[in-house]
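Novice: Take this structure, written in structure tokens, and hold onto it; I'll ask about it next.
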Amino acid sequence: MAKMSDNRVTKEDRDRIKTYADRKAAHERAQKARKRTNRIIVGSISGVVVIALGFGIYSAVVSVVAPAPETTSTPTATGAAAPDAALSEYRVWTGSMDVAGVPITFELNGEAAPQAVASTVSLIGSGFYEGISCHRLTTEGIYVLQCGDPAGDGSGGPGYSYGPVENAPADNVYPAGTIAMARQGGNGNSMGSQFFIVYEDSTIPSDAAGGYTVIGHITSGLPELIAQVTSQGTSNGSSDGSPKVPVTLKSVSVK
């Protein structure tokens, strides 16, 4: 008679099975982690491609007409929040600043644009703007001097972003002397510290996010700013570039 095999499972067998199961589970977890990492990497690369394409389109537009005031920065993910709109006190603020040696006075309308004015008043009070350059001047079709970027190239901000658009003109016309907030194209929640001064009446088309938040206007000093800065054009002679006359903001205050 043939001898029957012993089907009993020994402790050693159980240990081997458990070890194998543990290794298999660890291997599966590692595979899943690699897949997640790959998805993140692919997403990041896709984002870079989109940004690169955006810059290509942006450059193409410049050769035809000066584009609308835009920032290239993206909303931060640090958890920082914009100042509460109540800080604007829903009133008109008066202020002054030195722009490339030109004394300018202005008003900010906290009733018409409370969130943007609250942010601007807070940044001015903290000294954020003092020493920051105006990095961009457009001289054809749209006439603006863009300022307020601590990075000096259109990519910087205060560490937070906010929106949506407030107090944008329904007819897209921004009169000379207007002070308005720059933002990313099509993104009404991307405003930060960058603003632009309109030095000649300009029609700036709305986009998917609307127009541009008007926070106030210059009350004195605009003719001098035009004579000493904007009329000198850009550093490379193009219709959109850094100002030929270096522009730095100094002694910015509001009350």
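Novice: So Gly127 ticks every box in (1) surrounded by fewer than 16 Cβ atoms within 10 Å (Cβ to Cβ); (2) under 20 Å from Val229 (Cα atoms) but one. Which box is left unticked?
Specialist: Tallying (1) surrounded by fewer than 16 Cβ atoms within 10 Å (Cβ to Cβ); (2) under 20 Å from Val229 (Cα atoms), Gly127 fails exactly one: (2).
Novice: Those residues that are crowded, with 21+ Cβ neighbours inside 10 Å and among the polar types (S, T, N, Q), I need them from the range 103-124; list them, please.
Specialist: Answer for the range 103-124, where residues must be crowded, with 21+ Cβ neighbours inside 10 Å and among the polar types (S, T, N, Q): Asn109, Gln115, Ser119, Thr120.
Novice: Here are the criteria: (1) of a type in the set (A, V, I, L, M, F, W, C); (2) under 18 Å from Ala85 (Cα atoms); (3) loosely packed, with under 15 Cβ neighbours inside 10 Å. Tell me which single one Ala208 does not satisfy.
Specialist: Here Ala208 meets the rest and fails (2).
Novice: For the range 162-176, how many residues are without any contact (Cβ under 8 Å) to a residue 40 or more places away in the chain and among the polar types (S, T, N, Q)?
Specialist: Matching residues across the range 162-176 total 1.
Novice: Also, I was wondering about something else. Does the range 154-161 contain at least one residue that is free of Cβ contacts under 8 Å to residues at least 60 places away in the same chain and out of contact with any Leu (no Cβ under 7 Å at 6 or more places or on another chain)?
Specialist: Scanning the range 154-161, I find no residue that is free of Cβ contacts under 8 Å to residues at least 60 places away in the same chain and out of contact with any Leu (no Cβ under 7 Å at 6 or more places or on another chain), so the answer is no.
Quick note: the coordinates plus some simple rules give every number you see, no bench work behind them. Because the structure is predicted, anything quoted here is derived from the model rather than measured. All Cβ positions, even for glycine, are placed from backbone atoms using ideal geometry, and neighbour counts span all protein chains on display.
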